[in-house]
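The values are calculated or read from the model by the stated rules, or taken from the named source; none is laboratory data. This structure is a prediction, so every number in the text was calculated from the model and none was measured. Heads up, the Cβs are rebuilt from the backbone with ideal geometry, glycines too, and the neighbour counts pull from every protein chain shown.
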Amino acid sequence: MNASALTACIALLHLLGLFAAMHAVMHTRTPQGAIGWTLGLLLLPYVTLLPYLYLGSSRFLGYRAGRHAPLARALPATVDAVPPVDPGCARYAAICALQGRPFRGGHRLRLLIDGEAAFDAMLAAMAAAEHCLLVQFFIIHDDALGRRLQQVLLQRAAAGVQVCVLFDGIGSHALPRRYVETLRAGGVAIHRFATHRWRNRFQLNFRNHRKIVVVDGARAFVGGLNVGDEYLGLKPPLAPWRDTQLELRGPAVADLQQLFAEDWQWITGAPPPLLPTPPGDGDASALVVASGPADPQETGSLFFAAAINAARDRVWLSTPYFVPDHAVRAALQLAVLRGVDVRVLIPSRPDHRTVFLASTLHAYHAVRTGIRVFRYQPGFLHQKALLIDRDTAAIGSLNLDSRSFRLNFEVAAMAVDPAFAANVAAMLTEDFGRARAIDEREYREAPYLRRVAMHVARLFDPLL
């Protein structure tokens, strides 16, 4: 390439960088992100243009625009019986308004601790499906557990059950084509969740991190577990794997069915089979909390902030990634000032080095404000649990980081029920008993270069 052609290419790249920088200024969600992208695109466009193409968008376009009308016609009618709602739900009115749905009463809940118990329950429920089975995971591996799931799905499809499966295209990037083709050949409708429309096509950020199983419209599962042997604690060095899943029976199952249907329709253009949810006969009140990059607001962050601000007695959090934004960090600090018992449980082993370094710095700042932070010792902690006071608990897929707050499609079930909250409290008490309290020395006594690495990692908070 001669000098004039090279000069023209450089000029073109800088021109494209200028236009991309203008886009970043207009559309990046945070000032810090806008500054970072703009400087990079203006000064080093030949380095930053390609990453911006894949990582720069802050909205998942088109998802909300066309999803409701066809589904409204396809959804089954709701049941007439309306079980009473716990009076304690009233303090979460902001979360209900955020979700556009109320708490509903009449739920039966079962806490499933760790992978073996959770998958035994989920696979048994799937194997008992008679009419319709909806399955969604962020990650599905073609390993021993993945093949167990495959066999159950094939058996149900062979029995005439309508089986619909969604998996994330990036999360399940290692899933072989033959795994998917085997399921399709056996009558299973299976699709990868992908951006796939031209305005989103190059984006890697917008992942569907939800884990949902709905059986015959009557029972559902949500939580943190994906399908892979590591989630059973079978893959060192992260073993044993600590995680939690929740089984629900009651009206909220219809909301989880709807949520799956919206994702399914985005991919396929048609709704999945949907069944009426039977009337609830339990004591718990529950609300399905859904969030994603197609929302007009940062739903995940607002959910955590609202729940924490409602606390008067305790806030116990379990999360694999502790990278809170300003709103959640402020809510936790204000809770401490109100005299609330605020505890955060995080891993002692990293699965992603950059996030672990950023989490360590955030933990240091949290401890300095009176938040008690603990590192779970036996193995990797992947559990996403929130306990508020003596009556409220939430289990789902949301991590405490910007990716769950803003970039991923997520789901959790929030329950107001003293008995269920007591079960979650007992579970977390045992977890904290296996954890080590963090103090300021963890950061201060770390080697200087490691502390520098923590601060560098924190610069990437918007992407973590």
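Observations on the model:
For (1) in contact with a His (Cβ under 7 Å, 6 or more places away or on another chain); (2) farther than 15 Å from residue 382 by Cβ, each residue gets a yes or a no:
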residue: 217; (1), (2): no, yes
residue: 221; (1), (2): no, yes
residue: 239; (1), (2): no, no
residue: 249; (1), (2): yes, yes
residue: 259; (1), (2): no, yes
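- Near pairs, Cβ below 6 angstrom, 6+ apart or cross-chain, from segment 2-23 (under 14 Å from residue 48 (Cβ atoms)) to any residue that is aromatic (Phe, Trp, Tyr) and in a helix (DSSP H, G or I): 13/46; 20/52
- Members of segment 371-388 found to be touching a residue at least 60 places away in the same chain (Cβ under 8 Å) and surrounded by fewer than 21 Cβ atoms within 10 Å (Cβ to Cβ), listed by number: 372, 375, 378, 379
- Subset tally (residues that are free of Cβ contacts under 8 Å to residues at least 24 places away in the same chain and among the charged types (D, E, K, R)) for segment 165-177: 1
- Any pair with Cβ under 6 angstrom, 6 or more apart, that starts in segment 398-409 at a residue that is in the same structural domain as residue 361 (by TED's automatic domain parsing) and ends at one that is assigned to a helix (DSSP H, G or I): 398/300; 398/404; 402/461; 402/462; 404/300; 405/300; 405/301
- Positions within segment 376-386 being outside any loop (DSSP other than H, G, I, E, B) and either in contact with a Lys or Arg (Cβ under 7 Å, 6 or more places away or on another chain) or modelled with pLDDT under 95 (or both), in sequence order: 376, 380, 381
- Residues being outside any helix (DSSP H, G or I) and closer than 24 Å to residue 336 by Cβ - total across segment 347-375: 9
- If you go through segment 225-245 and keep only what is in contact (Cβ under 8 Å) with a residue 60 or more places away in the chain and under 15 Å from residue 348 (Cβ atoms), you end up with 237, 238, 239, 240, 241, 242.
- Checking each residue in segment 222-243 for being of a type in the set (Lys, Arg) and closer than 22 Å to residue 176 by Cα picks out only 235.
- Index of the failed condition, residue 218 passing every other in (1) surrounded by fewer than 24 Cβ atoms within 10 Å (Cβ to Cβ); (2) under 23 Å from residue 320 (Cβ atoms): (2)
- Count - residues of segment 86-115 that are assigned to a helix (DSSP H, G or I) and of a type in the set (D, E, K, R): 2
- Residue 118 in a loop (DSSP other than H, G, I, E, B), under 24 Å from residue 248 (Cβ atoms) and in contact with a strand residue (DSSP E or B) (Cβ under 7 Å, 6 or more places away or on another chain): no
- Test: residue 260 is among the aromatic types (Phe, Trp, Tyr), surrounded by 18 or more Cβ atoms within 10 Å (Cβ to Cβ), in the same structural domain as residue 457 (by TED's automatic domain parsing) and under 18 Å from the mean Cα position of the chain (by Cα): no
- Residue that is assigned by TED's automatic domain parsing to the domain that holds residue 262, closer than 30 Å to residue 281 by Cα and touching a helix residue (DSSP H, G or I) at 6+ places or on another chain (Cβ under 6 Å), where the choices are 144, 124, 220: 220
- Filtered residue count, segment 327-349, keeping only those that are free of Cβ contacts under 8 Å to residues at least 12 places away in the same chain and polar (S, T, N, Q): 0
- Test for residue 421: is it of a type in the set (Gly, Ala, Ser), part of a helix (DSSP H, G or I), touching a strand residue (DSSP E or B) at 6+ places or on another chain (Cβ under 9 Å) and surrounded by fewer than 18 Cβ atoms within 10 Å (Cβ to Cβ): no
- As a summary of the residue check, residue 226 satisfies the conditions (1) touching a helix residue (DSSP H, G or I) at 6+ places or on another chain (Cβ under 9 Å); (2) at pLDDT 95 or above; (3) among the polar types (S, T, N, Q) except for the one numbered (1).
- Residue in segment 320-339 that is among the charged types (D, E, K, R) and part of a helix (DSSP H, G or I) present: yes
- Filtering segment 387-418 to residues that are outside any loop (DSSP other than H, G, I, E, B) and farther than 24 Å from residue 340 by Cα leaves 402, 403, 404, 406, 407, 409, 410, 411.
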